[in-house]
Amino acid sequence: MYGELFQVDNYVQSTALVNQYELYKFRYYLHVKQYEKANEQQRLLDKLKSSFTAPELWMSQFFKAIQFSSLGQYKEAMALMDELDHGFHSIPQKLEGEFYYQKSRILLLFDRLALSAYYAELAVRAYEKDHNYIRLLHAQLLLAINYTRRNLVTQAINLYEVIKRNAKLTHQKELYQTVLYNYAELLQEEKQNEQAIELFEELKKALERGSYLYKAVVVNLLEIKVIGEKEKAELIAQLRMPGTSKERDYFNIYSDYFEKQEFSQQDLLNYKEDKMFPFFKKYGYIKDTRQLSQNLAAYYKAQEEWEKAYYYQNQFLENGGE
């Protein structure tokens, strides 16, 4: 559709739709991760800003929030979305569902679970009203992840089953893979390891080797699957496959951790405290920080080292949102 519009670029420039056209080009560049073009487009939009109508001004701010989110600047994205949600003109009807979805997603990243669920439900209702079934599946996935985080296991499992079936029926390959991953993690938390391993193995076969999700699957398999030394060494080697610098450090932390399981428990404990915990906390890996702080708090309680137990328990609560 972008290609079709580009063919009539000169004509669109002479119509009353020019501002919306340029705004949606900005949104498109963000969607396809062409960030240099998105930056150029942002500069153009800044020049056009004085001619924006109220809905167009709202759109420009909303798409800017999406840009912040795409670049990992979640605090800035959240601040802008709060501003958009509190009196900064009304939400254009055609963007209502997307706004609720994006806000729910960012709130989930901050572990603001109750508020995230509220916006996810608003997104679900908006997409149902518009009969936008593909986006409805994405909003339902946010809700299922939310249920998981709040320990509403039955609701989460029921919703995952629905999304998994419908994602497959509608040939939403990436969505289907994301559903499998999150569903498998829930089963893992519920100690249903055989079912979790089955989903992780299905996913591992379908994913591109060395991709972020592929490596995340490998981490989970190393945690729950009973495997021999040779297979374990192969999986650890897969965690060290090339990736972005941040990904490389994250998965190297885990590969070293799994290797250290073969050595003394004290070495492993030191590694968790000196390397893993500071890294997860510094770079905002909330889920990993929570799991590790809970694990360390339980260990120090058992050792009756109350000061350290209290410290890690507080870290667990601090990263627990609502």
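The values are calculated or read from the model by the stated rules, or taken from the named source; none is laboratory data. Since we're looking at a predicted model, the values are computed, not measured. Here the Cβ positions follow ideal geometry from the backbone for every residue, glycine too, while neighbour counts run over all protein chains shown. All accessible areas refer to the heavy atoms of the entire protein, side chains included, with ligands and DNA or RNA removed. Shrake-Rupley method; radii C 1.70, N 1.55, O 1.52, S 1.80 Å.
Given the options Leu143, Leu17, Leu115, state which has the largest fluctuation in a GNM of the chain using a 10 Å cut-off (strictly under) for Cα springs. Result for the chain, Cα springs under 10 Å: Leu17 fluctuates most. Going by Cα centres, segment 138-158 and segment 220-274 are how many Å apart? Rounded to whole Å, the Cα centres lie 29 Å apart. Taking all protein chains together and a 1.4 Å probe, the residues Met81, Met1 rank Met1, Met81 from largest to smallest accessible area.
Among the listed pairs Lys33/Lys191; Lys37/Lys75; Lys49/Lys215; Lys168/Lys287; Lys275/Lys301; Lys49/Lys103, a Cα-Cα separation exceeding 31 Å is found for Lys33/Lys191; Lys49/Lys215.
Going by the alpha-carbon gyration tensor, a ≥ b ≥ c the square roots of its eigenvalues, is segment 155-308 rounded (a/c under 1.5) or, if a/c is not under 1.5, prolate (a/b greater than b/c) versus oblate?
On the way: a/c = 1.89, a/b = 1.52, b/c = 1.25.
In terms of gyration-tensor shape, prolate.
Note on segment 1-131: Rg/Rh from C-alpha atoms, Kirkwood Rh, equals 0.98.
Computed from the Cα positions only, the extents of the chain along the three principal axes stand at 72, 42, 38 Å, in decreasing order. The dipole here belongs to the chain: it is taken about the Cα centre, uses +1 on the Cβ of Lys and Arg and -1 on the Cβ of Asp and Glu, and is about 540 debye. Rounded to two decimals, the Cα-based Rg/Rh of segment 133-205, with Kirkwood Rh, is 0.95. Normalised by the number of residues in segment 1-135, the average gap of Cα pairs under 8 Å and 6 or more apart makes the relative contact order 16 percent.
Straight Cα distances below 15 angstrom link Lys230 to the aspartates and glutamates Glu259, Glu262, with same-chain residues fewer than 8 positions distant left out. Would you please classify the overall shape of segment 224-297 from the alpha carbon gyration tensor, given that a ≥ b ≥ c denote the square roots of the eigenvalues, rounded means a/c under 1.5, and beyond that prolate means a/b larger than b/c while oblate covers the rest? Here segment 224-297 falls in the oblate category.
So which GluC sites (Glu not before Pro) in segment 3-112 are both in a DSSP loop and have at most 10 other Cβ atoms within 10 Å of their Cβ?
Working: sites: Glu4, Glu22, Glu36, Glu40, Glu56, Glu76, Glu83, Glu96, Glu98; in loops: none.
In loop regions of segment 3-112 (DSSP not H, G, I, E or B), there are no sparsely surrounded GluC sites (Glu not before Pro).
The distance linking segment 176-215 with segment 19-67 is 36 Å (Cα centroid to Cα centroid, whole angstrom). For a straight C-alpha distance cut-off of 18 angstrom, the aspartates and glutamates reachable from Lys282 (same-chain residues fewer than eight places away being disregarded) are Glu76, Asp111, Glu247, Asp249, Glu273, Asp274, Glu318.
Taking the highest mean first, how do the peptides 25-35, 256-266 order by number of other beta carbon atoms within 10 angstrom per residue? Before the final figure, lay out the partial values.
On the way: 25-35: 16.2, 256-266: 12.9.
Ranking the peptides 25-35, 256-266 by packing returns 25-35, 256-266.
Rounded to the nearest Hz, the phi-derived 3J(HN,Hα) couplings of segment 67-77 under the Karplus curve 6.51 cos²θ - 1.76 cosθ + 1.60 (θ = phi - 60°) are 4, 4, 4, 4, 8, x, 8, 6, 5, 5, 4, where x marks glycine and proline.
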